[in-house]
Amino acid sequence: MGFGGLGVENTEVGAALVSKLTSLPKTMDTPIEASETHSNCRPDRGVWLKGGSAVCTPPAKPAPAPWRLVLLGAPGVGKGTQAELLCERLGACHLSTGDILRGASKSDGCGLSPALQTALEGMRRGELVTDGTILDIVGERGRCLRCSGGFVLDGFPRTVAQAEALEKLLAREGVELDAVFDYEMPIDEIVERLAGRRVCPKCKAVYHTTGQPPKSEGVCDNCGSALVQREDDRPEAIRTRMRVYAESTAPLLDWYRKRDLLVTVPAYGAPDEIYARAWSCSREAHPGTLTPTGSLGGG
Ligand code: AP5
């Protein structure tokens, strides 16, 4: 199902999507209060990060209309930041393949397969992990894809081969994507974002030294851990990641455009503004969902 054509609400899937958009609470495109954005009681989404028989605590609440989104965009454009906002408001889970891989790289290396060890070395240089390894990892996490709370996929798919595999995985789990948000910004500004990024190694919160600084310099607002710079945020690795993105990931835009799922979102401004813009870009593609006040939904 997708966003592109006018009159999409006249089709069965289009009608389902329009109904979902019009039932969104009005608060969804208003700014988030600071106290809401960095909750101290984040759910532990163990299944995605640990895989296998892990169970989330607390379990995700079934959403009346679960959202299933994919986020695309160059490294550092702000996908992870937007994923957090989307998940807080939609009640969905943030599923990041980068987080799984970084989690594996933090382990002492024992128990990592040779393939995964090789993959992690490439990741540190800014290269992509092989499709086979990524698909093995994601394939074990079908439970997250069929979760009744919905999901926001960040960092996967990254190649057309991965997108084809995701399509099959979702069909196997009996669910469909609602939209693919593609965040766009000039490369110079993206590099600036990456250079200033600091992350919490424990709870995964993301900050920027000037754009989104923590309350206390170098310390995570959520859990008090010391913030760190990611290994792949060094200049050499950043250059490689940008090249790899252009070669491997950019072709995905056409792939999703052809499936009528793509929503292009200019990624300038504050995170809350970009969040609101994503939904207004969706509304532009779906005039039927506009309300007289310009807000999402009828609430
Ligand atoms: P991954 O973790 O997915 O990284 P990425 O795609 O390179 O994206 P980033 O996490 O770097 O950036 P982002 O867009 O999420 O930006 P963020 O919100 O943090 O992947 C890492 C590596 O893993 C890959 O290179 C690859 O090796 C491997 N990998 C992962 N998945 C794979 C796959 N499927 N296949 C193969 N390999 C795979 O924001 C960046 C900074 O900007 C932050 O400091 C943030 O605070 C700041 N910021 C964000 N928004 C704003 C704003 N509006 N204003 C000011 N500052 C902002």
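The values are calculated or read from the model by the stated rules, or taken from the named source; none is laboratory data. Since we're looking at a predicted model, the values are computed, not measured. Cβ placement follows ideal geometry from the backbone for every residue including glycine, while neighbour counts extend to all protein chains displayed.
Structure values in brief
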item	result
Every residue from the range 161-188 that is under 19 Å from residue 96 (Cβ atoms), β-branched (Val, Ile, Thr) and not in a loop (DSSP other than H, G, I, E, B)	180
Among the candidates 274, 238, residue that is at pLDDT 95 or above, within 22 Å of residue 96 (Cα to Cα), within 12 Å of the ligand (Cβ to nearest atom) and out of contact with any strand residue (DSSP E or B) (no Cβ under 6 Å at 6 or more places or on another chain)	274
Scan of the range 148-160 for residues that are part of a loop (DSSP other than H, G, I, E, B) and over 16 Å from the mean Cα position of the chain (by Cα), ordered by number	148
Long-range neighbours under 9 Å by Cβ, at least six apart or interchain, first residue free of Cβ contacts under 8 Å to residues at least 40 places away in the same chain within the range 152-173, second of a type in the set (Gly, Ala, Ser)	165/139; 169/139; 169/142; 172/142; 173/142
Some residue of the range 63-79 being within 12 Å of the ligand (Cβ to nearest atom), of a type in the set (A, V, I, L, M), modelled with pLDDT of 85 or more and in a loop (DSSP other than H, G, I, E, B)	yes
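Each row is one residue, and each column tells you yes or no for (1) in contact with a helix residue (DSSP H, G or I) (Cβ under 6 Å, 6 or more places away or on another chain); (2) among the small types (Gly, Ala, Ser); (3) more than 12 Å from the ligand (Cβ to nearest atom).
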residue	(1), (2), (3)
86	no, no, no
96	no, yes, no
135	yes, no, no
140	no, no, yes
147	no, no, yes
153	no, no, no
181	yes, no, no
185	no, no, no
